[in-house]
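Just so it is clear, none of the values below were taken in a lab; they were calculated from the coordinates. Because the structure is a prediction, the values reported are computed rather than measured. Glycine also receives a Cβ, built like all others from the backbone with ideal geometry; neighbour counts cover every protein chain displayed.
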Amino acid sequence: MTTVQEDFLRTFHAAHPAVTVRAMAHGRAEDGRSSYEILRDRVPACGRVLDLGCGDGLLLELLAEGEAGARRTLAGIDLSAEELTLARRRPGVSGADLRVCRAQQLPFQDGWFDGCVSHMALMLMSDVEQVAAELARVLEPGGTLAVVLGGGAAGGEAYERFLQLAKPLFQAAPAEQRSPSFGDRRLRTHEGFDEVFRPAGFEPAKWETVRIDLSGPLEQIWRTVGGFYDLGPLDAAVMAELRARFEAEAAATALPDGRIPCAMNVRLVTAVRGAS
C-alpha cells in the first residue's frame with residue numbers, strides 16, 4: 001500500500017476509531033451470527049492466531065472467549081495506534097501481542113501461527129503479493145487463513161440506496177476531497193484471490209457469499225453507511241445534505257416495527273497454507 005493510502009487510513013481511524021465495528025457488529029447472517037463470529041468459527045482448532053488489521057479488537061475478544069480462547073495465544077496488527085489503544089481495553093485482549101505495523105512486513109517468526117483472520121482489512125491492502133508471502137511465512141504448514149471481504153449491496157435496501165446517492169458526490173468532489181484508491185481488484189473474485197495466494201503457497205481457497213442483515217433504527221443505519229472512507233474528505237455541507245436526503249428516503253422504507261431494512265453481502269474466504 002502506498003504511503004498516501006496508509007496515511008489516509010491512519011488519519012481516518014484516528015478521527016473515527018472503531019468505525020468498522022460500529023458499522024458491522026450488529027449485523028447478522030441468516031444463522032444469527034455476526035460476520036465477526038462467523039470468522040472466529042473458521043479457526044476453531046487454532047491455538048496461535050493472528051488478526052490482520054485487528055482494529056479495536058472485537059474479533060480478538062471473541063477469539064479469547066471460552067475454554068478454547070483461554071488457551072489461545074493471540075496477536076493483532078493494525079496501522080492505527082488509536083484502534084490498538086481501544087483493543088487493549090477489551091476483556092481477554094489485554095494479553096495479546098498488539099503491534100502497529102504493516103501486513104507487508106510482519107514482525108513475527110516463521111511458522112509462528114497456525115491461524116490468521118482478517119475482517120474487512122485485506123481488501124484495503126495493495127502490494128498483496130507481498131502480504132500473501134508474509135502470511136505464508138508466518139503460518140505453519142497446514143495453517144488456516146480466514147478472511148471477510150466486502151461483497152457490495154444485497155439489493156433493494158438502504159445500503160444500495162445510499163450508494164446511489166453517494167457515488168455521484170464522490171465522483172464530483174474536487175481532487176483534494178477524494179479518498180485514495182484502496183486494495184487490489186483481484187481480491188474481489190475467487191479466481192483473483194487464488195491468483196494472488198496460490199503462488200505464495202496456499203491451497204485453492206473456499207469462497208462463500210454471506211448476506212448480512214444490518215437492519216435497525218435510522219440512526220444506526222447512518223452509522224453503518226456513514227463510515228465509508230470516501231465520505232471522510234467531503235465538505236461538511238455536502239455531507240449534511242447527503243445525510244438529510246438519505247434519511248428521508250430511508251425513513252420511507254421503514255418496517256412496521258420502525259426498523260430500516262438494510263443488508264450487504266460479504267465474501268467469506270478460507271485458504272490453507274500448503275505443506276511446501
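Structure remark: mean-square fluctuation, Gaussian network model of the chain, C-alpha springs under 10 Å; the largest value among Ala251, Ala29, Ala175 belongs to Ala175.
With viscosity 1.567 mPa s and temperature 4 °C, the Kirkwood radius over alpha carbon pairs of the range 109-199 converts through Stokes-Einstein to a diffusion coefficient of 84 µm²/s.
Rounded to the nearest 0.05, what FRET efficiency do Ala14 and Glu203 have when you use their Cβ-Cβ distance and R0 = 41 Å? The formula returns an efficiency of 0.60 here. Between Leu58, Leu163, Leu39, the GNM of the chain built on Cα springs shorter than 10 angstrom shows Leu163 fluctuating the most.
Across the range 105-110, coupling constants 3J(HN,Hα) worked out from phi with the 6.51/-1.76/1.60 Karplus curve, θ = phi - 60°, read 8, 7, x, 10, 5, 4 Hz, and Gly and Pro carry x. Each helix, a run of at least 4 DSSP H residues, gives -39500 (n - 2.57); summed and divided by the residues of the chain, these come to -10500 deg cm²/dmol at 222 nm. Mean-square fluctuations from a GNM of the chain, with a 10 angstrom spring cutoff on Cα atoms, peak among Ser118, Ser94, Ser35 at Ser94. So what is the relative contact order of the range 3-272, in percent, for Cα pairs below 8 Å that sit 6 or more residues apart? Relative contact order for the range 3-272 comes out at 22 percent.
Go through the range 1-84 and name the trypsin sites (Lys or Arg not before Pro) that are in a DSSP coil and have 14 or fewer other Cβ atoms within 10 Å of their Cβ.
Hits after loop and neighbour filter: Arg71.
Computed from phi, the 3J(HN,Hα) profile of the range 36-52 under the Karplus parametrisation 6.51, -1.76, 1.60 (θ = phi - 60°) reads 5, 5, 4, 5, 4, 6, 7, 10, x, 9, 7, x, 10, 10, 9, 9, 8 Hz, with x in place of Gly and Pro.
DSSP loop (so not H, G, I, E, B), at most 15 other Cβ within 10 Å: list which GluC sites (Glu not before Pro) in the range 2-50 pass both filters. Here the GluC sites (Glu not before Pro) that fit, given the DSSP loop and packing criteria, are Glu30. For Glu247, neighbours were defined as the other residues whose beta-carbon sits under 13 Å from its Cβ, and their charges (Lys and Arg +1, Asp and Glu -1) total +1. The 3J(HN,Hα) values that the Karplus relation (6.51, -1.76, 1.60; θ = phi - 60°) gives for the range 230-236 are, in residue order, 4, 6, x, x, 5, 4, 4 Hz. Gly and Pro appear as x. Once the mean of 1/r is taken over each pair of separate Cα atoms and inverted, the chain shows a Kirkwood hydrodynamic radius of 19.3 Å.
Counting only DSSP beta bridges with both residues in the range 3-272, what percent are antiparallel, rounded to the nearest 5?
Details: 18 of 36 bridges.
Given both bridge residues lie in the range 3-272, the antiparallel proportion sits at roughly 50 percent.
Let me check I've understood the local charge: for Glu160, count other residues with C-beta under 12 angstrom from its C-beta, Lys and Arg +1, Asp and Glu -1. What total comes out? Neighbour charge sum, excluding Glu160 itself: 0. In this structure the amide hydrogen of Gly152, modeled in the peptide plane, comes within under 5 Å of the amide hydrogens of Asn265, none closer than 5 places in sequence on its chain. Under 15 Å from the Cβ of Ala271, count the other residues' Cβ atoms, weight Lys and Arg +1, Asp and Glu -1, and hand me the total. Net charge around Ala271: -2. Looking at the range 159-244, the trypsin sites (Lys or Arg not before Pro) that sit in a DSSP loop and have at most 15 other Cβ atoms within 10 Å of their own Cβ are Arg178. Here's how it looks for Gly216: its modeled amide H is under 5 Å from those of Ile260, Cys262, which are all 5 or more places away or on a different chain.
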